[in-house]
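The values are calculated or read from the model by the stated rules, or taken from the named source; none is laboratory data. Computed from a prediction, not measured in an experiment: that's the story for all the values here. Backbone-built Cβ (ideal geometry, glycine too); neighbour counts: all protein chains shown.
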Amino acid sequence: MNPAAPPDRPHGAQAVPANAADPLLKPSGNLLNNLCLELQRHPPFNEMEPAHVKAFVAASRQAYFAPGEAVVRPEDGPVRELFFIRRGAITGKRGLSDVAGGAFQYEAGDLFPISAVLARRAPTTTYSATEDTFVLGLPADEMQALAETSPVFGDFLNRRILKFLDLSRAALQVVYASQALAEQSLETPLAQLCHKAPVTCSPDTPLQDVLSQMHRLRIGSMLVVNPAGEPVGILTRYDILGRVALAQLPMATPIAQVMVQPVHSLTTAHTAQDAALLMSQHGIRHVPITREGRAVGIVSERDLFALQRLSLKHVSGSIRNAADVPTLKLVAHDIRRFARSLLGQGVQAKQLTALISHLNDVLTARLLEIKAAEHGLDPQRFCWVALGSEGRGEQTIATDQDNALILADPADGPPHDKARLLAFAREVNEALDACGYPLCRGNIMASNPDCCLTESEWRQRFAQWIDQGSPNDLLNASIYFDFRALAGRPALAADLREFVTRRAAANPRFLRQLAVNGLAHGAPLNWLGQIDTTPVDGVATLDLKLQGTAIFVDVARLYALARGVPATGTRERFEALGPLLGVPPHEHQAWVGGFEFLQMLRLRAQLDGTTVGDSANRIAVGGLNDIDRRILKETLRVARTLQQRVKLDYER
């Protein structure tokens with residue numbers, strides 16, 4: 001290791017060249033140990049084996065850079081070293097950074113420029129010291145050798161933002177574990193719950209044999225499989241009364257005539273959360289588990305109850321059994337309590353928001369069922385759709401209503417009683433407000449006559465927005481075009497989705513206007529690459545929705561419409577768009593990871609009540625721990641890169 005340049009070296013004096021092939025001088029044992037301890041305070045070194053950390057330090061050289069001095073420049077050619085900042089700060093400017101506006105700053109504990117070193121290419125940005133800065137420089141060959149030796153180090157280099165997310169999620173789980181009601185995690189793979197092979201039979205097995213075996217083994221279900229071992233049906237003890245006893249079927253009847261089919265199954269790679277969600281969605285109590293198509297186990301409702309005291313089935317069951325609005329108002333509190341429980345288990349943002357949205361869907365569907373019956377309405381004559389974040393399945397705890405009604409065209413039946421439908425919708429909106437879902441300030445709700453239209457009227461309105469593209473049309477499109485069916489006749493929403501996707505993809509002018517509109521608010525990073533905060537009551541704050549998730553949502557919607565992707569969820573859109581845009585998996589995984597990190601910060605702040613001011617999404621940046629602050633900057637940088645892609649594609 002080369003000795004560090006003297007700390008008192010005058011500013012502007014020549015630093016040790018970053019790409020110079022300096023001879024390595026072996027450090028003293030004490031210096032080596034001290035540097036290892038210093039590195040182990042930062043990721044990924046805090047998870048690496050001590051011998052691997054020591055190898056990093058021993059193969060590195062130390063260098064000092066004065067304020068304003070360049071460390072790495074595009075004109076120097078391929079980068080030959082990976083740098084670790086011991087003290088000081090480095091800012092990247094020019095190159096691609098200019099396209100998105102601004103720069104990015106690395107601080108003590110950061111590694112840079114990872115992508116350029118991995119690709120053995122010249123950087124696209126000039127990295128310069130912004131203050132007295134001391135770094136360790138690891139030669140590219142040594143970096144590659146260490147990455148092959150240390151899986152932790154190699155994984156971090158290739159999945160930097162995703163690795164930071166793992167660390168953040170782990171820290172968050174520790175904070176909430178003491179508050180969690182769950183005994184085990186819903187993240188448990190189903191492979192771990194399949195302790196024994198399922199009891200199965202063939203489709204032609206007589207009911208006499210099936211029921212005798214169920215009684216003798218004291219099991220609640222019989223799984224029916226074909227000769228290849230694939231599940232084709234199931235019969236549970238809850239089905240026997242209606243399908244066998246009341247039907248007075250002979251005991252010689254083959255089980256194929258009474259089994260429930262098709263059977264809903266999952267694979268061993270799915271989690272307990274997936275099983276709980278499937279049970280809740282379909283009202284079932286048993287889920288067969290397969291490996292390569294063959295049944296290897298079965299998970300029951302009782303198994304999931306053993307995983308958690310407060311279950312998804314319990315919460316959704318309470319909602320479905322609610323007889324009136326006051327009861328729904330009471331059980332709605334369980335959704336918040338359940339969310340806190342899952343947060344303590346370390347459940348990821350994608351799953352947590354999916355569960356919250358699902359339970360909100362169940363509550364809304366039950367409320368619609370109650371109110372439709374009271375008003376004597378046929379749900380098959382309309383479709384209640386969710387818009388905005390609810391339409392994307394990305395609701396957090398603090399969310400207002402965005403909904404609408406799609407009515408069947410008059411040719412499909414008798415004329416609609418619009419006044420009656422609006423009265424029904426108004427009661428639903430008011431009941432949702434009582435359950436904790438505030439009325440929309442912009443009145444984008446089904447009780448608004450402008451949000452209660454026939455399918456043909458919706459087509460006409462959406463076509464006008466796409467063809468004209470006024471500022472107000474673009475704003476409406478960003479809300480309405482994420483619609484999703486919740487109750488009633490889903491085919492009405494499916495047909496309208498196909499129309500919007502096809503019409504938007506065929507209108508480049510509209511897509512460009514949508515792109516420009518989404519670029520109006522850039523990622524909140526200042527010219528130094530620091531988080532650009534807004535003071536509120538003397539506190540440096542950031543709105544995680546308007547200045548964070550909205551950027552990801554807008555970009556995902558734009559490219560989904562342009563590429564004909566029908567999905568409405570941001571994650572699903574990015575996952576579908578990655579291959580279509582020719583983006584490497586690790587890059588579009590970073591898009592998803594950054595979006596979900598912001599979602600998790602929003603959920604945590606809302607559950608903790610630590611939001612600032614009158615916004616449910618504004619947080620105090622100074623209150624974040626070191627890992628969350630770092631990943632927030634990384635995430636905002638990803639957001640800026642996404643906007644950079646949009647600029648290149650649509651502002652030419």
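Before moving on, here are some points about what is shown:
- Checking each residue of the stretch 377-399 against the condition of being in the same structural domain as Arg489 (by TED's automatic domain parsing), crowded, with 24+ Cβ neighbours inside 10 Å, modelled with pLDDT of 95 or more and not hydrophobic (A, V, I, L, M, F, W, C) gives no match.
- Qualifying residue in the stretch 589-596 (condition: in a helix (DSSP H, G or I) and among the aliphatic types (A, V, I, L, M)): yes
- Of all residues in the stretch 196-219, those satisfying the criterion of being part of a loop (DSSP other than H, G, I, E, B) and either surrounded by fewer than 13 Cβ atoms within 10 Å (Cβ to Cβ) or touching a Phe, Trp or Tyr at 6+ places or on another chain (Cβ under 8 Å) (or both) are Lys196, Ala197, Asp204, Arg218.
- Every pair of residues 6+ apart whose Cβ atoms lie under 7 Å, when the first sits in the stretch 491-506 and is among the acidic types (Asp, Glu) while the second is assigned to a helix (DSSP H, G or I) and crowded, with 17+ Cβ neighbours inside 10 Å: Asp495/Glu455
- Asn46 being at negative phi and either at pLDDT 70 or above or in the same structural domain as Gly154 (by TED's automatic domain parsing) (or both): yes
- All helices (runs of 4 or more DSSP H) inside the stretch 231-343 with 3 or more residues being buried (at least 18 other Cβ atoms within 10 Å of the Cβ) and modelled with pLDDT of 85 or more: 272-282
- Count of the stretch 123-158 residues which are modelled with pLDDT under 85 and under 18 Å from Thr91 (Cα atoms): 3
- Residue check, Ile161 at pLDDT below 90 and out of contact with any Gly (no Cβ under 8 Å at 6 or more places or on another chain): no
- Listed conditions (1) without any contact (Cβ under 8 Å) to a residue 12 or more places away in the chain; (2) buried (at least 17 other Cβ atoms within 10 Å of the Cβ) are all met by Asp450, apart from (2).
- Members of the stretch 468-511 that are assigned to a loop (DSSP other than H, G, I, E, B) and of a type in the set (Lys, Arg): Arg489
Quick grid of which residues meet (1) within 28 Å of the chain's Cα centre (by Cα); (2) in the same structural domain as Glu374 (by TED's automatic domain parsing); (3) farther than 16 Å from Phe382 by Cβ:
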| site | (1), (2), (3) |
| --- | --- |
| Arg441 | yes, yes, yes |
| Ser456 | no, yes, no |
| Pro471 | no, yes, yes |
| Asn507 | no, yes, yes |
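- Filter result for the condition that a residue is within 26 Å of Asp400 (Cα to Cα), free of Cβ contacts under 8 Å to residues at least 40 places away in the same chain and in the same structural domain as Gln643 (by TED's automatic domain parsing), over Thr541, Thr533, Thr568, Thr610: Thr610
- Residue match in the stretch 607-620 (condition: part of a helix (DSSP H, G or I) and more than 15 Å from the chain's Cα centre (by Cα)): yes
- Qualifying residue in the stretch 278-289 (condition: of a type in the set (Gly, Ala, Ser), within 25 Å of Val199 (Cβ to Cβ) and not assigned by TED's automatic domain parsing to the domain that holds Gly436): yes
- Residue ID - surrounded by the most Cβ atoms within 10 Å (Cβ to Cβ), chosen from residues in the stretch 524-572 that are in contact with a helix residue (DSSP H, G or I) (Cβ under 7 Å, 6 or more places away or on another chain) and in a loop (DSSP other than H, G, I, E, B): Leu544
- Considering the stretch 220-230, and only residues there that are surrounded by 14 or more Cβ atoms within 10 Å (Cβ to Cβ) and among the small types (Gly, Ala, Ser), the residue that is nearest to Ala197 (Cα to Cα) turns out to be Gly229.
- Among the residues here, Arg459 does not qualify as of a type in the set (D, E, K, R), crowded, with 23+ Cβ neighbours inside 10 Å and more than 20 Å from Pro326 (Cα to Cα).
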